[in-house]
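The values are calculated or read from the model by the stated rules, or taken from the named source; none is laboratory data. Bear in mind that the values here come from a model prediction, so they are computed numbers and not experimental data. Every residue, glycine as well, gets a Cβ built from its backbone with ideal geometry; the counts of neighbours run over all protein chains shown.
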């Protein structure tokens with residue numbers, strides 16, 4: 001991970017690193033449990049093969065791109081529940097338009113929805129949880145109207161398939177896309193005025209505003225970025241499955257939020273490192289994969305999945321947030 | 001009168017209370033008797049609120065004891081105090097806006113029938129209590145939110161009376177009442193006194209106190225100065241007692257000189273009904289104080305000048321050019337360079353969990369960056385300079401600002417704005433709750449900034465500060481500047497008299513009489 005090679009900074013708070021360390025340790029534990037299981041049942045170490053790991057990262061890339069955007073929104077103290085149908089709408093419109101304009105269309109759909117969310121939150125002051133939930137329903141309705149409620153017949157373009165499913169030198173392209181997004185987000189959060197303002201708003205919006213920061217613009221931009229990244233994830237996912245389908249984004253909303261929070265970002269905003277979100281995504285993808293390798297029935301998987309998220313947060317919960 | 005013969009209803013002995021490093025009350029002995037209206041007087045921060053909070057169980061004293069009708073008592077919560085008949089009507093209204101008047105009046109212990117709230121009985125109770133204070137016109141079924149402020153205050157009083165008090169404490173409880181309400185309340189209070197209640201009355205309106213009270217106690221700097229029957233002293237003497245002669249801080253010397261040409265001018269600034277055509281001008285190198293009682297529009301004036309309030313009308317010019325900002329971002333832009341040190345550093349001035357360095361840079365990021373990127377080198381230099389210049393005592397710039405003491409936190413807020421190199425500096429009570437040493441550093445700093453050419457507008461609730469620091473003081477009353485004091489004319493008498501909007505000359509003359 002490039003984000004991992006960025007050294008701890010002057011402004012790094014030691015408390016921020018703790019969740020990342022814990023989550024990373026848990027990833028190792030998961031791999032050990034899974035390997036123990038496959039050794040016992042099949043006599044192989046499938047989980048440690050490079051191919052398996054790369055495949056997990058490829059699957060993780062879709063979630064990772066959504067989570068990167070979600071993290072920006074969570075850092076300013078808000079949430080975006082519209083990513084599910086933003087993702088689906090971007091995928092559907094991209095395949096509908098097709099050709100060279102497929103990917104720009106998908107990104108534009110995401111960007112537009114994100115800007116609308118941002119305007120609603122920054123200017124109309126509607127709580128983001130309600131506003132984005134409403135936008136999600138609207139997007140869903142629009143897409144049902146567009147497709148008649150069936151899976152669209154149109155297919156992903158070659159470029160979309162290349163970005164999502166092809167490999168270069170044995171490494172899936174999707175990983176490079178995720179890497180690119182990660183580098184940009186990590187630099188933006190660490191090094192730019194925009195990034196600093198995001199943390200300031202999440203900590204105390206009134207103080208940030210009174211410091212003369214452009215709080216509204218930053219809120220809108222954060223939502224816009226989140227929408228556009230959901231659009232990108234939609235384009236990739238359509239490329240991976242060769243077409244768009246109804247409800248394709250539904251499985252990404254809560255895992256994206258969970259990944260951000262497991263990575264140590266405060267759900268109320270203001271604190272968290274981007275590296276944590278990457279670790280959180282890998283943890284969630286691996287957990288799903290290991291549970292399915294162990295042939296855990298769906299009910300058990302859901303229960304374990306939920307218990308793991310809650311217990312991770314309980315472990316972090318203790319020395320969270322400095323109070324005065 | 002009911003002087004010292006009767007046993008006091010409530011008496012406090014040797015009560016002290018500190019908040020952090022600030023002493024709010026020190027060794028206070030105080031008592032009040034049944035059948036009396038007892039006024040409590042003192043400046044802002046004299047300890048009045050702490051006193052009544054201790055009486056009504058909101059806070060616990062650090063040391064000292066309290067007796068009620070001769071038996072020692074200790075109230076651990078307002079509910080315990082209420083049960084013992086000590087009821088307080090606080091300055092900030094305690095009503096729930098979305099509940100009905102009747103619900104609010106019976107919020108504690110509503111009448112019940114078969115274990116459920118008896119709405120009819122509750123409504124009757126509300127009607128009776130409201131009628132007893134001449135408020136038959138208030139419909140008990142209306143939501144409190146829909147009542148005007150003056151009616152809400154009457155509901156608050158009805159609610160307090162519903163608790164059957166022996167001791168009723170009114171803390172600025174008449175500040176929003178209309179004249180006819182005030183007349184009714186006078187009648188009610190006098191009736192309650194005849195019925196044997198003890199009433200403690202806190203108000204900044206001197207004529208109300210003269211009309212109502214039979215005794216008065218003066219507090220100053222957390223100490224009980226004197227209790228006397230009303231009529232013993234005149235206005236001026238009471239003001240003298242409130243001010244005292246203590247000097248608690250050293251100020252940098254003021255230089256006598258010609259009044260400089262105006263740099264920052266405000267004309268007919270108006271906002272809703274809180275600011276009424278404010279006219280003010282500050283010269284280059286001048287420190288102008290804003291005085292007056294709390295809540296006369298001083299905070300609104302500062303916020304309006306900083307672009308926080310929407311719908312402000314009037315004219316603001318800086319160096320002759322229009323300068324009324326539309327937002328804090330516009331206020332600090334290079335064309336204006338206005339800075340505001342806000343009132344509450346914890347919620348408005350700082351992002352507490354973030355580092356000292358990040359907080360220091362938060363207002364000057366534009367100057368410290370190249371394109372969208374923050375320039376690390378420039379940032380580091382600026383942070384080191386700021387910490388050195390204000391002598392902020394810190395471990396490391398990467399520590400959370402929440403780890404600093406109050407005084408050092410305030411220095412961070414000030415330093416953050418000095419990094420923008422402001423031409424106009426607005427300060428909203430910047431020394432509240434910080435130690436004397438840091439206060440003196442801040443005074444010296446302000447004078448130094450003024451000498452370098454900044455125009456400074458300084459609101460303080462501490463009269464001493466206004467006298468010690470300011471070249472001129474504009475005293476606000478009811479959203480407008482009533483009096484401007486200058487040079488030797490800035491005296492405690494003049495400040496208090498104009499804050500109370502009474503004739504300064506009369507106060508000064510009778511004040512003179514005490515010593516002469």
Condition broken by residue A:124, with the remaining ones in (1) closer than 30 Å to residue A:215 by Cα; (2) in contact (Cβ under 8 Å) with a residue 40 or more places away in the chain; (3) surrounded by fewer than 24 Cβ atoms within 10 Å (Cβ to Cβ) satisfied: (2)
Filter result for residue A:79 (at pLDDT 95 or above and either buried (at least 24 other Cβ atoms within 10 Å of the Cβ) or part of a loop (DSSP other than H, G, I, E, B) (or both)): yes
Complete set of residues in segment B:321-335 that are assigned to a loop (DSSP other than H, G, I, E, B), within 14 Å of another protein chain (Cβ to nearest Cβ) and out of contact with any helix residue (DSSP H, G or I) (no Cβ under 7 Å at 6 or more places or on another chain): B:326, B:327, B:332, B:333, B:334, B:335
Conditions (1) more than 7 Å from chain A (Cβ to nearest Cβ); (2) more than 27 Å from the chain's Cα centre (by Cα); (3) surrounded by 22 or more Cβ atoms within 10 Å (Cβ to Cβ); number of the one not met by residue B:341: (2)
Conditions (1) touching a helix residue (DSSP H, G or I) at 6+ places or on another chain (Cβ under 8 Å); (2) under 29 Å from residue B:32 (Cβ atoms); (3) surrounded by fewer than 20 Cβ atoms within 10 Å (Cβ to Cβ); number of the one not met by residue B:168: (3)
Members of segment B:68-83 found to be outside any strand (DSSP E or B) and surrounded by fewer than 19 Cβ atoms within 10 Å (Cβ to Cβ), listed by number: B:69, B:70, B:74, B:76, B:77, B:78, B:79, B:80, B:83
Residue match in segment B:98-115 (condition: closer than 25 Å to residue B:49 by Cα, in contact with a strand residue (DSSP E or B) (Cβ under 7 Å, 6 or more places away or on another chain) and assigned to a strand (DSSP E or B)): no
Count - residues of segment B:9-42 that are within 24 Å of residue B:186 (Cα to Cα) and touching a residue at least 40 places away in the same chain (Cβ under 8 Å): 13
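Would you kindly identify the helices (runs of 4 or more DSSP H) lying entirely within segment A:218-324 that contain at least 2 residues that are away from chain B (no Cβ under 14 Å) and surrounded by fewer than 15 Cβ atoms within 10 Å (Cβ to Cβ)? Let's see the steps before the verdict.
On the way: elements: A:253-262, A:274-293, A:298-317.
Where helices (runs of 4 or more DSSP H) fall fully within segment A:218-324 and carry at least 2 residues being away from chain B (no Cβ under 14 Å) and surrounded by fewer than 15 Cβ atoms within 10 Å (Cβ to Cβ), they are A:298-317.
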Single unsatisfied condition, residue A:178 versus (1) assigned to a helix (DSSP H, G or I); (2) free of Cβ contacts under 8 Å to residues at least 60 places away in the same chain: (2)
Selected residue (only one of B:39, B:46 is crowded, with 20+ Cβ neighbours inside 10 Å and part of a strand (DSSP E or B)): B:39
Unmet requirement for residue B:417, which otherwise passes all of (1) farther than 27 Å from residue B:283 by Cβ; (2) at the interface with chain A (Cβ under 10 Å from one of its Cβ atoms): (1)
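For every residue, the table says whether it meets (1) touching a residue at least 12 places away in the same chain (Cβ under 8 Å); (2) more than 9 Å from chain A (Cβ to nearest Cβ).
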position	(1), (2)
B:352	yes, no
B:355	yes, no
B:361	yes, no
B:365	no, no
B:372	no, no
B:375	no, yes
B:381	no, yes
B:388	no, yes
B:395	no, yes
Set A:239, A:276, A:300, A:270: member being over 28 Å from residue A:18 (Cα atoms) and touching a residue at least 12 places away in the same chain (Cβ under 8 Å): A:239
Search result, residues across segment A:181-204 that are more than 7 Å from chain B (Cβ to nearest Cβ) and in contact with a helix residue (DSSP H, G or I) (Cβ under 6 Å, 6 or more places away or on another chain): A:181, A:182, A:183, A:185, A:186, A:188, A:189, A:195, A:197, A:198, A:201, A:202
